[in-house]
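Okay, structure first, notes after.
The values are calculated or read from the model by the stated rules, or taken from the named source; none is laboratory data. As the structure is a prediction and not an experimental result, all values here were calculated from the model. Backbone-built Cβ (ideal geometry, glycine too); neighbour counts: all protein chains shown. The protein model used for the area step is the full one, side chains on, heavy atoms only, and it has no ligands, DNA or RNA in it. Shrake-Rupley method; radii C 1.70, N 1.55, O 1.52, S 1.80 Å.
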Amino acid sequence: MSHPSEDLPSRITEEDRDTAVRRLQDAYAGGDISHEEMDEGLHQVLTAEMRSELMSAVASLPEESAGSTSTIAAAGGRIRRRGAWRVPRGLKVESAFGKVRLDLSRAVIEHAVVDIELRLGTGGAKITVPRDAIVDVENLRTGWKDLLYKPQRRPRPGGPKIRISGAMGYGRLRIRHARR
């Protein structure tokens with residue numbers, strides 16, 4: 001005999017819904033589905049209440065790839081990215097000694113979620129994110145100094161989600177939203 005909660009259809013979370021929306025957008029951007037198919041899929045995803053409804057909306061999409069991960073590394077010195085640079089889905093930043101400056105405010109961000117993994121020894125880091133970005137730092141470990149980040153009071157919908165993870169030794173991470 002099964003447990004009563006096992007017989008109930010499982011409800012979806014907002015993260016499940018966001019992932020499904022991103023998969024539809026990525027499939028459209030990749031030319032795998034038409035505009036009409038994306039519209040129909042988005043309607044189905046946004047009105048779904050159960051996991052089965054959500055799964056049927058994305059069942060015909062190509063398998064989700066892990067995405068491209070790029071690594072920027074320096075043993076010593078400065079790592080800097082600014083201006084109109086293309087941000088990969090996954091970005092790994094490694095530095096033993098030196099400062100890291102990543103400015104995503106004018107960068108080309110093609111993904112709904114960007115994962116930035118920091119592996120920093122000594123030296124601080126400053127990351128400027130787009131004004132409408134949502135920042136997640138739950139998986140970041142800091143050693144010597146605490147993180148300096150003040151989330152926006154009212155984030156705008158539609159911006160990318162920037163997930164920052166990894167570890168920092170001696171140095172401080174400062175995250176700020178672009179003014180424009």
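Before moving on, here are some points about what is shown:
- Residues located in region 112-123, provided they are touching a Leu at 6+ places or on another chain (Cβ under 9 Å) and closer than 17 Å to residue 75 by Cβ: 118, 120
- Test for residue 164: is it modelled with pLDDT of 95 or more and in a strand (DSSP E or B): yes
- Residue that is surrounded by the most Cβ atoms within 10 Å (Cβ to Cβ), among those in region 153-166 that are over 21 Å from residue 21 (Cβ atoms) and touching a strand residue (DSSP E or B) at 6+ places or on another chain (Cβ under 8 Å): 164
- Every listed requirement among (1) at pLDDT below 80; (2) assigned to a helix (DSSP H, G or I) is met by residue 2 save one, (2).
- Filter result (over 19 Å from the mean Cα position of the chain (by Cα) and either of a type in the set (Phe, Trp, Tyr) or closer than 17 Å to residue 22 by Cβ (or both)) within region 137-152: 144
- Answer from 125, 74, 66 - the residue that is farther than 21 Å from residue 29 by Cα and at pLDDT below 90: 74
- So residue 173, is it over 12 Å from the mean Cα position of the chain (by Cα), open to solvent by less than 60 Å² (accessible area, probe 1.4 Å) and touching a residue at least 40 places away in the same chain (Cβ under 8 Å): yes
- Flag for residue 154 being part of a loop (DSSP other than H, G, I, E, B), at negative phi and not acidic (Asp, Glu): yes
Table: residues versus (1) hydrophobic (A, V, I, L, M, F, W, C); (2) under 30 Å from residue 11 (Cβ atoms); (3) open to solvent by less than 80 Å² (accessible area, probe 1.4 Å).
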{"residue": "32", "(1), (2), (3)": "no, yes, no"}
{"residue": "38", "(1), (2), (3)": "yes, yes, yes"}
{"residue": "41", "(1), (2), (3)": "no, yes, yes"}
{"residue": "49", "(1), (2), (3)": "no, yes, no"}
{"residue": "56", "(1), (2), (3)": "no, yes, yes"}
{"residue": "73", "(1), (2), (3)": "yes, no, yes"}
{"residue": "82", "(1), (2), (3)": "no, no, no"}
{"residue": "85", "(1), (2), (3)": "yes, no, yes"}
{"residue": "90", "(1), (2), (3)": "no, yes, yes"}
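- Here region 92-113 is the region considered, the condition is being more than 13 Å from residue 175 (Cβ to Cβ) and open to solvent by less than 40 Å² (accessible area, probe 1.4 Å), and the residue that is modelled with the highest pLDDT is 93.
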